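Shown next, in structure tokens, is the structure this report addresses.
The values are calculated or read from the model by the stated rules, or taken from the named source; none is laboratory data. Keep in mind that this is a model prediction, so the values were computed, not measured. In this analysis, Cβ positions are derived from the backbone assuming ideal geometry, glycine residues included, and neighbour counts consider all displayed protein chains.
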Amino acid sequence: MRPAVELKIANPVRPAFGQVLDDDSRVIVNIGPSHPATHGTVQIIAELDAERVMRADVHCGYLHRGFEKECEAHTWQNLIPYTDRLNYCSALINNFAYCQAVEQLMGVELTPRTRILRTLLSEYSRIADHVTCVAAMLMEMGAMTAFLYLMTLRDYIYEHLADVTGARVTYSYGRIGGLARDLPPGWLKRLEEVLKEYDTYIERIHGLVDRNRIFIDRLRNTGVLTQAQALSYGCTGPVLRSTGLKIDTRKDSPYLAYPDLDFVVPVGIKGDNYDRYVLRMQEMDESVYMMRQLVDMLPEGPINTEDPRCTLPPKPLVYGEIESLITHFKLIIDGPRVPVGDIYSAQEGANGELGFYIVSTGEGQPYRVHCRAPSFNHVGAAHLMVKGGQLADVVPTFGSINMIGGECDR
């Protein structure tokens with residue numbers, strides 16, 4: 001008779017949250033999703049040795065929006081409001097990136113005024129997004145004065161964008177082949193006033209935190225992501241450029257009016273939290289510089305193409321002739337007829353490469369819409385940034401990557 005064999009299984013049961021592990025007295029804790037800094041959806045399961053994070057498992061959670069599936073049940077034009085809900089800090093870039101993909105598949109050319117306006121509003125949205133990211137990161141570290149300064153600046157931008165789009169956050173301003181409406185009177189004059197306010201408030205932020213020893217010690221050499229790691233996880237935007245790699249869709253694959261602009265792409269050195277802060281501050285300055293160029297370049301003219309496949313006829317014609325009435329009806333009810341095929345088109349969003357892959361069967365509704373969301377990749381690399389750091393570094397590190405839950409939801 002053979003002797004009984006004792007089976008030894010390492011960690012046969014997953015430890016519960018808060019349970020102390022027997023082997024080395026480490027503890028498993030759950031950070032989020034109820035933590036205010038985790039956006040209500042993010043869950044970080046961390047293994048701690050005292051105050052040090054030994055391992056982390058980061059889950060982006062679910063907002064249950066179902067953006068990609070929802071797009072299959074709406075016309076090409078009518079799903080534009082759903083793109084607003086992806087990165088809701090810079091929704092205009094979502095609008096324009098999606099419209100660009102459809103326009104390229106249809107072979108639609110934009111008017112010169114629309115090219116300039118889309119570029120101008122994209123850079124304006126980039127500033128709003130970066131201001132939100134830096135403000136939230138500072139607030140989560142206790143810098144409430146800096147937070148209030150930046151939120152004041154963001155409110156000026158939001159109110160100004162509402163003047164042209166009709167909404168503060170979710171704009172639905174883009175149209176296939178153009179824009180919803182032109183600039184209202186006095187909008188450019190107010191823009192220069194807001195940019196002067198930007199100079200004032202950003203100077204205050206630099207004075208408050210750039211030489212602040214607490215701020216510097218909490219950000220330098222924390223949340224480090226190497227260049228190889230960033231590339232391996234598909235990181236783009238400020239997260240990738242903070243590692244020293246100068247990759248920017250506006251330069252590498254120019255679109256809209258970016259080929260005509262003079263601007264530089266800031267890069268970091270170490271890929272730590274401090275680099276990501278400095279890089280976003282520099283990118284905002286570059287955006288202001290580009291916006292002032294674009295105002296001087298802005299021509300007069302229409303904001304929508306004359307292509308009847310995607311542009312609604314003028315209202316007086318709709319009310320006065322049957323051909324325009326039928327065209328209007330078919331575009332609204334059936335949607336634009338996009339040629340059979342598929343295409344991937346990307347723009348440089350505030351957080352990185354924002355791309356749309358669309359598939360058309362020739363109908364008025366898409367067969368497939370996929371969003372290449374930068375935040376989704378960055379959350380995938382977040383566990384590398386927090387590993388080995390202090391528990392107190394988790395929140396500013398997560399704030400520095402600026403995860404937006406709306407575009408992470410599949």
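At a glance:
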| read-out | value |
| --- | --- |
| Filter pass, Y319 being among the aromatic types (F, W, Y) and within 25 Å of the chain's Cα centre (by Cα) | no |
| Criterion: over 28 Å from G380 (Cβ atoms), under 21 Å from the mean Cα position of the chain (by Cα) and either modelled with pLDDT of 95 or more or not acidic (D, E) (or both) - qualifying residue of T75, T132, T119 | T119 |
| Residues of the range 313-342 classified as assigned to a loop (DSSP other than H, G, I, E, B), farther than 24 Å from R368 by Cα and in contact (Cβ under 8 Å) with a residue 12 or more places away in the chain, total | 1 |
| Residue in the range 348-363 that is nearest to I247 (Cα to Cα), counting only those that are polar (S, T, N, Q) and either touching a Pro at 6+ places or on another chain (Cβ under 7 Å) or in contact (Cβ under 8 Å) with a residue 24 or more places away in the chain (or both) | N351 |
| Members of the range 240-255 that are free of Cβ contacts under 8 Å to residues at least 60 places away in the same chain and in a helix (DSSP H, G or I) | R241, K251, D252 |
| Qualifying helices (runs of 4 or more DSSP H) (wholly inside the range 50-120; at least 1 residues being out of contact with any helix residue (DSSP H, G or I) (no Cβ under 6 Å at 6 or more places or on another chain) and of a type in the set (D, E)) | 67-71, 91-106 |
| Candidate set from the range 364-405 (those that are touching a residue at least 40 places away in the same chain (Cβ under 8 Å), part of a strand (DSSP E or B) and in contact with a Phe, Trp or Tyr (Cβ under 8 Å, 6 or more places away or on another chain)); member that is nearest to V134 (Cα to Cα) | C371 |
| Any hit, the range 281-296, residues being without any contact (Cβ under 8 Å) to a residue 40 or more places away in the chain and either over 30 Å from R154 (Cα atoms) or over 24 Å from the mean Cα position of the chain (by Cα) (or both) | yes |
| Exclusive hit being among the hydroxyl-bearing types (S, T, Y), on the phi < 0 side of the Ramachandran plot and surrounded by fewer than 16 Cβ atoms within 10 Å (Cβ to Cβ), set Y344, Y357 | Y344 |
| Sole exception among (1) within 19 Å of the chain's Cα centre (by Cα); (2) exposed (fewer than 14 other Cβ atoms within 10 Å of the Cβ); (3) of a type outside the set (K, R) for D217, by number | (1) |
| Near pairs, Cβ below 8 angstrom, 6+ apart or cross-chain, from the range 110-128 (more than 21 Å from E159 (Cα to Cα)) to any residue that is in a helix (DSSP H, G or I) and not hydrophobic (A, V, I, L, M, F, W, C) | L110/E103; L110/R118 |
| Looking only at the range 144-173, and only at residues there that are under 20 Å from the mean Cα position of the chain (by Cα) and among the β-branched types (V, I, T), the one that is surrounded by the fewest Cβ atoms within 10 Å (Cβ to Cβ) | V169 |
| Complete set of residues in the range 312-341 that are surrounded by 17 or more Cβ atoms within 10 Å (Cβ to Cβ), out of contact with any strand residue (DSSP E or B) (no Cβ under 9 Å at 6 or more places or on another chain), closer than 15 Å to Q365 by Cα and among the aliphatic types (A, V, I, L, M) | L331 |
| Residue that is at pLDDT 90 or above, over 30 Å from L120 (Cβ atoms) and of a type in the set (A, V, I, L, M, F, W, C), where the choices are A91, A46 | A46 |
| Number of positions in the range 27-49 that are among the polar types (S, T, N, Q) and part of a strand (DSSP E or B) | 2 |
| Failed condition for Y289, given (1) buried (at least 18 other Cβ atoms within 10 Å of the Cβ); (2) at pLDDT 95 or above; (3) farther than 30 Å from V395 by Cα | (1) |
| Matching residues, the range 187-239, being outside any loop (DSSP other than H, G, I, E, B), in contact (Cβ under 8 Å) with a residue 40 or more places away in the chain and of a type in the set (K, R) | R204, R218 |
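Residues are listed down the side, and each one gets a yes or a no for (1) buried (at least 20 other Cβ atoms within 10 Å of the Cβ); (2) assigned to a loop (DSSP other than H, G, I, E, B):
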residue: G268; (1), (2): yes, yes
residue: E283; (1), (2): yes, no
residue: D307; (1), (2): no, yes
residue: C310; (1), (2): yes, yes
